[in-house]
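Inspection log for the structure reproduced underneath, given as C-alpha coordinates.
The values are calculated or read from the model by the stated rules, or taken from the named source; none is laboratory data. Predicted model only: the values in this text are computed from it and were never measured. Neighbour counts run over all protein chains shown; Cβ positions are idealised from the backbone, glycine included. What goes into the accessible areas is simple: the full protein's heavy atoms, side chains included, and nothing from ligands, DNA or RNA. Shrake-Rupley method; radii C 1.70, N 1.55, O 1.52, S 1.80 Å.
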Amino acid sequence: MAFYYIIWTFIGFPIIAAVISQHVPINFSSNITRYIITFFVLHNLLFLFDYSLKGDYADYIVFSLEYFFLCWAVFSLYKSTNIFIRIIRIIGMISMSFGILFVSLGILFFMLASPSFEADQIIHFKSGNHMYETRRYSLGGATLPDTKYTFETYREFKYLPIEHEIDKTEFYDSKIDLDFLDPQFKIDVIKNAEVEKIIFSSEDGKEFEKTIN
(Lines give C-alpha, C1' and ligand atoms only; values in the text may rest on other atoms or scores of the structure.)
Protein backbone atom coordinates (compact mmCIF):
# COMPACT_ATOMS: atom_id res chain seq x y z
CA MET A 1 0.00 0.00 0.00
CA ALA A 2 2.82 2.43 0.81
CA PHE A 3 4.11 2.33 -2.79
CA TYR A 4 0.70 3.14 -4.27
CA TYR A 5 0.18 5.82 -1.62
CA ILE A 6 3.39 7.58 -2.73
CA ILE A 7 2.52 7.32 -6.43
CA TRP A 8 -1.06 8.53 -5.99
CA THR A 9 -0.10 11.36 -3.64
CA PHE A 10 2.82 12.90 -5.51
CA ILE A 11 1.92 12.07 -9.13
CA GLY A 12 -1.78 11.26 -9.33
CA PHE A 13 -3.23 13.95 -7.06
CA PRO A 14 -1.49 16.96 -8.69
CA ILE A 15 -2.82 15.86 -12.08
CA ILE A 16 -6.35 15.33 -10.73
CA ALA A 17 -6.22 18.65 -8.88
CA ALA A 18 -5.14 20.47 -12.06
CA VAL A 19 -8.13 19.07 -13.97
CA ILE A 20 -10.67 19.74 -11.20
CA SER A 21 -9.48 23.31 -10.59
CA GLN A 22 -10.29 24.22 -14.20
CA HIS A 23 -13.95 23.37 -13.59
CA VAL A 24 -14.40 23.72 -9.82
CA PRO A 25 -11.81 26.10 -8.33
CA ILE A 26 -11.69 26.39 -4.55
CA ASN A 27 -13.78 29.17 -3.04
CA PHE A 28 -11.34 30.48 -0.43
CA SER A 29 -14.00 32.61 1.28
CA SER A 30 -16.47 29.77 1.92
CA ASN A 31 -17.03 28.30 5.38
CA ILE A 32 -16.41 24.77 4.08
CA THR A 33 -12.92 25.78 2.94
CA ARG A 34 -12.21 27.33 6.35
CA TYR A 35 -13.36 24.15 8.12
CA ILE A 36 -11.15 22.00 5.91
CA ILE A 37 -8.10 24.21 6.51
CA THR A 38 -8.79 24.27 10.25
CA PHE A 39 -8.98 20.46 10.34
CA PHE A 40 -5.66 20.08 8.52
CA VAL A 41 -3.95 22.66 10.74
CA LEU A 42 -5.18 20.96 13.93
CA HIS A 43 -4.12 17.56 12.63
CA ASN A 44 -0.64 18.86 11.81
CA LEU A 45 -0.28 20.49 15.24
CA LEU A 46 -1.28 17.28 17.02
CA PHE A 47 1.14 15.29 14.84
CA LEU A 48 3.90 17.77 15.68
CA PHE A 49 3.45 16.90 19.36
CA ASP A 50 3.42 13.12 18.61
CA TYR A 51 -0.36 12.70 18.73
CA SER A 52 -1.90 10.97 15.77
CA LEU A 53 -4.93 9.05 14.58
CA LYS A 54 -4.88 5.39 15.55
CA GLY A 55 -2.95 3.19 13.15
CA ASP A 56 -0.64 4.07 10.27
CA TYR A 57 -3.14 4.33 7.45
CA ALA A 58 -5.43 6.99 8.93
CA ASP A 59 -2.65 9.60 9.07
CA TYR A 60 -1.35 8.55 5.65
CA ILE A 61 -4.80 9.22 4.21
CA VAL A 62 -5.15 12.60 5.93
CA PHE A 63 -1.72 13.79 4.77
CA SER A 64 -2.47 12.56 1.26
CA LEU A 65 -5.79 14.44 1.18
CA GLU A 66 -4.05 17.51 2.57
CA TYR A 67 -1.52 17.42 -0.27
CA PHE A 68 -4.36 17.04 -2.78
CA PHE A 69 -6.12 20.05 -1.23
CA LEU A 70 -2.91 22.12 -1.42
CA CYS A 71 -2.46 21.19 -5.08
CA TRP A 72 -6.10 22.04 -5.77
CA ALA A 73 -5.66 25.39 -3.98
CA VAL A 74 -2.50 26.26 -5.94
CA PHE A 75 -4.14 25.49 -9.30
CA SER A 76 -7.24 27.45 -8.24
CA LEU A 77 -5.15 30.64 -8.05
CA TYR A 78 -4.53 30.76 -11.79
CA LYS A 79 -6.97 33.69 -12.37
CA SER A 80 -5.54 35.93 -9.67
CA THR A 81 -3.69 39.07 -10.79
CA ASN A 82 -2.24 39.80 -7.34
CA ILE A 83 1.55 39.61 -7.58
CA PHE A 84 1.87 38.04 -4.11
CA ILE A 85 -0.68 35.33 -5.00
CA ARG A 86 1.11 34.69 -8.28
CA ILE A 87 4.40 34.18 -6.45
CA ILE A 88 2.73 31.69 -4.10
CA ARG A 89 1.29 29.86 -7.11
CA ILE A 90 4.68 29.70 -8.83
CA ILE A 91 6.35 28.36 -5.68
CA GLY A 92 3.59 25.77 -5.34
CA MET A 93 3.91 24.71 -8.99
CA ILE A 94 7.68 24.34 -8.67
CA SER A 95 7.30 22.28 -5.48
CA MET A 96 4.78 19.95 -7.13
CA SER A 97 7.01 19.59 -10.17
CA PHE A 98 9.96 18.58 -8.00
CA GLY A 99 7.72 16.09 -6.17
CA ILE A 100 6.60 14.49 -9.45
CA LEU A 101 10.16 14.40 -10.80
CA PHE A 102 11.64 13.00 -7.58
CA VAL A 103 9.08 10.20 -7.28
CA SER A 104 9.25 9.40 -11.01
CA LEU A 105 13.05 9.06 -10.96
CA GLY A 106 12.99 7.08 -7.71
CA ILE A 107 10.06 4.83 -8.57
CA LEU A 108 12.22 1.68 -8.42
CA PHE A 109 13.64 2.72 -5.04
CA PHE A 110 10.16 3.38 -3.62
CA MET A 111 8.96 0.05 -4.97
CA LEU A 112 11.75 -1.80 -3.14
CA ALA A 113 11.67 0.32 0.04
CA SER A 114 7.90 0.61 0.45
CA PRO A 115 7.58 -2.58 2.58
CA SER A 116 9.71 -0.88 5.24
CA PHE A 117 7.00 1.78 5.60
CA GLU A 118 4.47 -0.81 6.73
CA ALA A 119 4.60 -2.59 10.08
CA ASP A 120 5.50 -6.26 9.79
CA GLN A 121 4.67 -6.95 13.45
CA ILE A 122 2.30 -5.32 15.93
CA ILE A 123 2.60 -5.96 19.66
CA HIS A 124 -0.15 -4.99 22.11
CA PHE A 125 0.57 -4.87 25.83
CA LYS A 126 -0.67 -3.30 29.03
CA SER A 127 1.39 -1.61 31.73
CA GLY A 128 -0.25 -0.09 34.78
CA ASN A 129 -3.45 1.61 33.70
CA HIS A 130 -2.33 2.20 30.13
CA MET A 131 -2.62 0.18 26.94
CA TYR A 132 0.20 0.32 24.40
CA GLU A 133 0.81 -0.69 20.82
CA THR A 134 4.25 -1.17 19.32
CA ARG A 135 4.75 -1.42 15.56
CA ARG A 136 7.88 -2.96 14.13
CA TYR A 137 9.25 -1.90 10.75
CA SER A 138 12.05 -3.89 9.09
CA LEU A 139 14.51 -2.85 6.43
CA GLY A 140 16.89 -5.50 5.13
CA GLY A 141 17.87 -7.52 2.13
CA ALA A 142 20.66 -9.24 0.27
CA THR A 143 22.38 -5.95 -0.53
CA LEU A 144 22.42 -4.73 3.09
CA PRO A 145 24.95 -5.91 5.71
CA ASP A 146 22.26 -6.37 8.38
CA THR A 147 18.61 -5.75 9.07
CA LYS A 148 17.38 -2.54 10.65
CA TYR A 149 14.42 -2.88 13.02
CA THR A 150 12.47 0.21 14.03
CA PHE A 151 10.05 -0.02 16.96
CA GLU A 152 7.49 2.73 17.41
CA THR A 153 5.50 2.57 20.65
CA TYR A 154 2.21 4.38 21.19
CA ARG A 155 0.06 4.93 24.26
CA GLU A 156 -3.59 4.34 23.46
CA PHE A 157 -6.57 6.25 24.79
CA LYS A 158 -9.73 4.42 25.76
CA TYR A 159 -12.73 5.22 23.54
CA LEU A 160 -10.69 7.67 21.46
CA PRO A 161 -9.19 6.96 17.99
CA ILE A 162 -6.03 8.84 19.02
CA GLU A 163 -2.60 7.60 20.08
CA HIS A 164 0.51 9.23 21.51
CA GLU A 165 3.96 8.18 20.33
CA ILE A 166 6.11 7.80 23.43
CA ASP A 167 9.17 6.10 21.95
CA LYS A 168 10.97 5.27 18.73
CA THR A 169 13.90 2.88 18.94
CA GLU A 170 16.09 1.54 16.14
CA PHE A 171 18.19 -1.62 16.25
CA TYR A 172 20.62 -3.27 13.85
CA ASP A 173 20.51 -7.04 14.37
CA SER A 174 24.30 -7.39 14.08
CA LYS A 175 24.94 -4.79 16.79
CA ILE A 176 22.65 -5.97 19.58
CA ASP A 177 22.12 -9.36 21.17
CA LEU A 178 18.33 -9.66 20.90
CA ASP A 179 16.33 -12.30 19.09
CA PHE A 180 13.90 -10.22 17.02
CA LEU A 181 12.43 -13.35 15.41
CA ASP A 182 11.46 -14.78 18.79
CA PRO A 183 7.65 -15.30 18.73
CA GLN A 184 7.66 -14.48 22.47
CA PHE A 185 9.50 -11.18 21.98
CA LYS A 186 8.12 -8.77 24.57
CA ILE A 187 7.98 -5.05 25.22
CA ASP A 188 7.14 -3.40 28.51
CA VAL A 189 6.94 0.11 29.93
CA ILE A 190 7.80 0.68 33.57
CA LYS A 191 7.84 3.78 35.73
CA ASN A 192 9.97 4.16 38.84
CA ALA A 193 10.54 7.40 40.75
CA GLU A 194 9.02 9.43 37.92
CA VAL A 195 11.44 7.85 35.43
CA GLU A 196 9.73 5.98 32.61
CA LYS A 197 11.59 3.22 30.78
CA ILE A 198 10.83 0.90 27.90
CA ILE A 199 12.21 -2.65 27.93
CA PHE A 200 12.68 -4.96 24.93
CA SER A 201 13.26 -8.62 25.80
CA SER A 202 13.38 -12.01 24.11
CA GLU A 203 12.56 -15.36 25.66
CA ASP A 204 16.23 -16.27 26.15
CA GLY A 205 16.43 -13.64 28.92
CA LYS A 206 18.30 -11.04 26.92
CA GLU A 207 16.92 -7.51 27.12
CA PHE A 208 17.55 -3.88 26.30
CA GLU A 209 16.12 -0.92 28.19
CA LYS A 210 16.15 2.81 27.65
CA THR A 211 14.67 5.86 29.34
CA ILE A 212 11.69 7.44 27.65
CA ASN A 213 12.31 11.14 27.23
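Numbers below:
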{"item": "For the stretch 48-137, size of Cβ-based charge dipole, Lys and Arg +1, Asp and Glu -1, in debye", "result": "340 debye"}
{"item": "Between helix 56-75 and the chain: long-axis angle, C-alpha atoms, 0 to 90°, nearest 10", "result": "20 degrees"}
{"item": "Carbon + sulfur, % of accessible area of the chain - ligands and nucleic acids excluded, 1.4 Å", "result": "65 percent"}
{"item": "Rounded D (µm²/s) - the stretch 81-186, Kirkwood Rh over Cα pairs, Stokes-Einstein at 25 °C, 0.890 mPa s", "result": "140 µm²/s"}
{"item": "Rg/Rh (Cα only; Kirkwood hydrodynamic radius) as it applies to the stretch 19-100", "result": "1.01"}
{"item": "Crossing angle, helix 83-105 versus the chain [Cα axis fit, 0-90 degrees, rounded to tens]", "result": "50 degrees"}
{"item": "Unit Cα scatterers, Debye sum, the chain: log10 I(q)/I(0) for q = 0.09, 0.13, 0.17 Å⁻¹", "result": "-0.51, -0.90, -1.21"}
{"item": "Highest average packing first - 67-74, 173-180, 2-9, Cβ atoms within 10 Å", "result": "67-74, 2-9, 173-180"}
{"item": "Where trypsin sites (Lys or Arg not before Pro) fall in DSSP loop in the stretch 40-118, at most 11 other Cβ within 10 Å", "result": "LYS79"}
{"item": "Average accessible area per residue (Å²) across the chain - probe 1.4 Å, nucleic acids and ligands excluded", "result": "63 Å²"}
{"item": "The stretch 1-115 - charge dipole about Cα centre, Lys and Arg +1 at Cβ, Asp and Glu -1, debye rounded to 20", "result": "440 debye"}
{"item": "Partner lysines for LYS210 [C-alpha distance under 21 Å; skip if fewer than 8 residues away on the same chain]", "result": "LYS126, LYS148, LYS168, LYS175, LYS186, LYS191, LYS197"}
